[in-house]
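Before anything else, here's the structure in question.
Nothing in this text is a laboratory measurement; each read-out follows from the coordinates by a stated rule. Source: prediction; values computed, not measured. No Cβ is skipped: glycine too gets one built from the backbone with ideal geometry, and neighbour counts run over all protein chains shown.
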Amino acid sequence: MKKVALVFVLAVFVPSLVLAWLAVRSLRDQQFLLERQQSLLYQGVSDGLARDVQAALTEQQRLFAESAGNLVRERDPLDVARDFDNLLRRQWPLARVGFAVTLTGEILSPSLTARPEARLFCADNGRFLTNRESAEVYLNPKIVGNTAPLPGSSLASPEPSSDFLGRLGWNKMKQTARNVIPQQMAGASQKTGASVDNTEQQFSKVAASEGEFRQLIGEDNDGALARFVDNKLSVLFWCRAARDPQLILGAQLDLPRLERELGVLVQQAAPELRADICVALLDDTGKPVALSNPRFRANWKRPFVATEIGETLPHWEVAVYLVDPTKLTRSADTVKLTLGLLIALLVLAIGVGSWLIVADLNRQLRLARQKTDFVSNVSHELKTPLTSIRMFSELLAEARVTDPAKQRSYLGIITAETARLTRLINNVLDFARIERGEKKYQFESCDLVELARETVETYRPHLEASGFRVVCQFPTAHQIVKADRDALAQVIVNLLSNAEKYSDTRKEVEVRLSSKTASLPSVDLEVLDRGLGVPPGCGEKIFEQFYRAHDSLSSGIQGSGLGLTLARQIARAHDGEVSYSPREGGGSCFTLRLPILPAGPERSA
Ligand code: ADP
């Protein structure tokens, strides 16, 4: 048993507890896991929109180059260049100012006497475009290979070619702080297993490089560059005139108009997630220029996730905000609670299951032990009377005893031992029949008083011969019960035989019969003795099969542990019961209670 218990504890219980502990530990990471899932989902939305914005800019860049190309195709490039501002704005509405410069440093358009916007443009950019000063610019690099950014990348524009970086002296580029601090950062949270520290400074992935206009455009045919003049962003598209490579045609983008066009893209972003998130396009000051939900307000600097657009719109970001930030914590709490309860329930089930298994194992082991005891007890019980029968019958057969009184006594012993044997065998056979469900009862109306008296009288000589005083207290009225006479007689004999076996020096057996007039009229047959009594706590166990409160070894009293089991089974088959109670003044009281049929006529005692 100890070995089984040890194996059970080591193989089932301890691993279950360890699993439960691991499960509870993993619960603590629920919030992080949920955040992680959502951050991946929303980062995808943000990256996707940043890509769309970048694609829209590339398309506009292409449209600009096409418009400029169309203008110089049929006319003299220099003529076109001189009026390029007006000509371009008619062709391509996104232009705020159109400009034409030569690589030798001459501004052909716009003229200094033109519109205020054009004058302002010349004041801001003239020296840079004519190569008279270096400026800090953000260049949209030539795209090499695959134009689609990697998924999860927080920068929508592709990586610049090393050749391009070399030309600009990339290592001279200075890193600047990012406008917003996303609460979730794909790279950082993946590595550290936690959300980014709120106060952590993040650097922008777009970096400015410094140079003169001519140096920056190099040998390229077209491109885009952005620069900040007095903290105001100016985005310039440029292309080389096909028929005059020394002539550069360009346009400054009308940013408010561009914002309106990009706003359409923002409004179309992730319509299925509208209830959960708001997508915003933030400008270089971190203010929203377009929102997917115009009524949404938040701390714009602290989005859930964000993606930088790239060099064409430096420090512009696509940002995703949670509509209800507490929802995440709430769902994490719900998941934690549900899983916690489930774990507790499973651990409880394992505990209860283990306890049931151990209890059952114990019961099976006890039963197995009792069966072994039973076999040795029965063999012993069979052997003892057989030895007496054999010994006394041999004495009589060999005519070695001549005294008639002794002969009668020996015959009496043989009869008693035979009866004991018969009783034992009957008990064993009946028990086996009941266990197999084959026991058949012949129910008939019978008078319990008469049956009890007959049975006691049959057993009385044996008891009196063993020195017992037998007292009977029977009522005068018939107590009619529906019963199998033989089965009930067997119950009474078992109780009398026990009273005899478990009596010590006070050899008194009393049999009482009394009726009870409760809601269900019944009759009680009590067999009382002044013997050893049943040890405390065993009052119910003695009715279990093979159970013996006084085992043969310690008490020297032989038995099979079946007598009371049978008595109770037979009583229950009669809708009755057999129970034990300690007798006042010492000894036992066994009561057979049976339901009674309507009483018969009075009769004399
Ligand atoms: P057994 O063959 O052992 O007597 P029983 O089923 O008749 O089997 O009884 C079960 C146990 O109940 C006995 O072993 C004994 O310990 C206890 N018992 C039964 N009758 C008495 C009694 N009259 N007095 C004391 N103990 C009793």
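Run the numbers on the chain and let me know its relative contact order in percent, using alpha-carbon pairs under 8 Å that are six or more apart.
On the way: 966 pairs, mean separation 71.9, N = 605.
Once divided by the residue count of the chain, the mean separation gives 12 percent.
Related question: Quick one: if you take sqrt(5λ) for each eigenvalue of the C-alpha gyration tensor of the chain, what semi-axes come out, biggest first, whole angstrom? List each step's numbers first, then the result.
Numbers: eigenvalues 2670, 117, 62 Å².
Output for the chain: semi-axes of 116, 24, 18 Å.
Now a separate question. Relative to a virtual label point 7 Å from the Cα of Val12 in the Cα→beta-carbon direction, which members of the range 307-349 show backbone nitrogen distances below 14 Å?
Zone members listed by number: 347-349.
At 7 Å along Cα-to-Cβ for each site, give me the label-to-label distance between Thr458 and Arg90 in nm.
13.6 nm
Here is a further query. By how many degrees, between 0 and 90 and to the nearest 10, does the Cα long axis of helix 563-573 differ from the longest principal axis of the chain?
Long axis of 563-573 versus the principal axis of the chain: about 80 degrees.
In whole Hz, with x marking every Gly and Pro, tabulate ³J(HN,Hα) for the range 326-337 from phi via Karplus 6.51 cos²θ - 1.76 cosθ + 1.60, θ = phi - 60°.
Residue by residue, the range 326-337 yields 6, 4, 4, 5, 4, 5, 5, 5, 5, 4, 4, 5 Hz.
Under the Karplus relation 6.51 cos²θ - 1.76 cosθ + 1.60, θ = phi - 60°, what is the ordered set of whole-Hz ³J(HN,Hα) values for the range 363-371, x standing for Gly and Pro?
Listing the rounded values in order: 4, 4, 5, 5, 4, 4, 5, 5, 5 Hz.
Once phi is turned into ³J(HN,Hα) by the Karplus curve 6.51 cos²θ - 1.76 cosθ + 1.60 with θ = phi - 60°, what whole-Hz value does each residue of the range 523-534 show in order, with x for glycine and proline?
In residue order, the calculated couplings are 10, 10, 10, 10, 10, 10, 9, 10, x, 6, x, 8 Hz.
Another question about this same structure. So what's the back-of-envelope 222 nm ellipticity for the chain, counting only DSSP H runs of four-plus at -39500 (n - 2.57) apiece and dividing by all residues, rounded to 500? Show your work: numbers first, answer last.
Details: 16 runs with 282 residues, N = 605.
Helix contribution divided over all residues of the chain: -15500 deg cm²/dmol.
Separate question: Under the definition of Cα pairs under 8 Å and six or more residues apart, what whole-number percent is the relative contact order of the range 437-604?
On the way: 313 pairs, mean separation 42.9, N = 168.
Value for the range 437-604: 26 percent.
Using DSSP to call loops (not H, G, I, E or B), can you name the GluC sites (Glu not before Pro) in the range 504-584 whose Cβ has at most 14 other Cβ atoms within 10 angstrom?
Details: sites: Glu508, Glu510, Glu526, Glu540, Glu544, Glu577, Glu584; in loops: Glu540, Glu544, Glu584.
Passing sites in the range 504-584 are Glu540, Glu584.
Continuing with the same structure: Can you find, among Tyr441, Gly556, Ala489, the residue farthest towards the positive end of the dipole of the range 437-604? Put +1 on the C-beta of Lys and Arg, -1 on that of Asp and Glu.
Checked the options; the winner is Gly556.
Please identify the GluC sites (Glu not before Pro) of the range 422-453 that satisfy two criteria: DSSP loop assignment and at most 15 other Cβ atoms within 10 Å. Which are they?
Within the range 422-453, the qualifying GluC sites (Glu not before Pro) (loop, at most 15 other Cβ atoms within 10 Å) are Glu438.
How big is the charge dipole of the range 437-604 about its Cα centre, in debye rounded to the nearest 20, if each Lys and Arg gets +1 on its Cβ and each Asp and Glu gets -1 on its Cβ?
Working: 20 positive and 23 negative charges, 33 e Å.
Approximately 160 debye in magnitude.
To make sure I understand the rule: partners must be aspartates and glutamates, Cα under 19 Å from the Cα of Lys3, and not fewer than 8 residues away in the same chain. Which ones qualify?
Asp360
Sequence neighbours fewer than 8 away in the same chain don't count; with that in mind, list the lysines whose C-alpha is under 23 Å from Lys383.
Lys371, Lys501
Among the listed pairs Lys205/Lys327; Lys287/Lys336; Lys301/Lys327, which are separated by more than 25 Å between their Cα atoms?
On the way: Lys205/Lys327 31 Å; Lys287/Lys336 37 Å; Lys301/Lys327 20 Å.
Over 25 Å Cα-Cα: Lys205/Lys327; Lys287/Lys336.
Considering only Val14, Leu112, Gln30, whose Cα is most displaced toward the positive end of the charge dipole of the range 1-132, charges sitting on Cβ of Lys, Arg (+1) and Asp, Glu (-1)?
Projecting each Cα onto the dipole axis, the largest value belongs to Val14.
Rounded to the nearest 0.05, what FRET efficiency do Asp76 and Ala177 give with R0 = 51 Å and r taken as the Cβ-Cβ distance? Could you check? Don't jump to the answer; show the numbers that get you there.
Values: r = 48 Å, r/R0 = 0.94.
Rounded to the nearest 0.05, the efficiency is 0.60.
Taking 20 °C and 1.002 mPa s as the conditions, I'd like the Stokes-Einstein D for the range 426-487 in µm²/s, using the Kirkwood hydrodynamic radius from alpha carbon pairs.
On the way: Rh = 13.8 Å.
Taking Rh from Cα pairs, D becomes 155 µm²/s.
So if I place +1 on the C-beta of Lys and Arg and -1 on the C-beta of Asp and Glu, and nothing else carries charge, what would the dipole magnitude of the chain be about its Cα centre? I want it in debye, nearest 20.
Values: 73 positive and 71 negative charges, 246 e Å.
Approximately 1180 debye in magnitude.
Still on this structure, please answer the following. In Å and from the alpha-carbon atoms only, list the Rg and Dmax of the range 437-604.
Cα-based Rg and Dmax for the range 437-604 come out at 15.7, 51 Å.
Of the beta bridges DSSP finds with both residues in the chain, what % are antiparallel, to the nearest 5?
Numbers: 70 of 76 bridges.
In the chain, DSSP labels about 90 percent of beta bridges as antiparallel.
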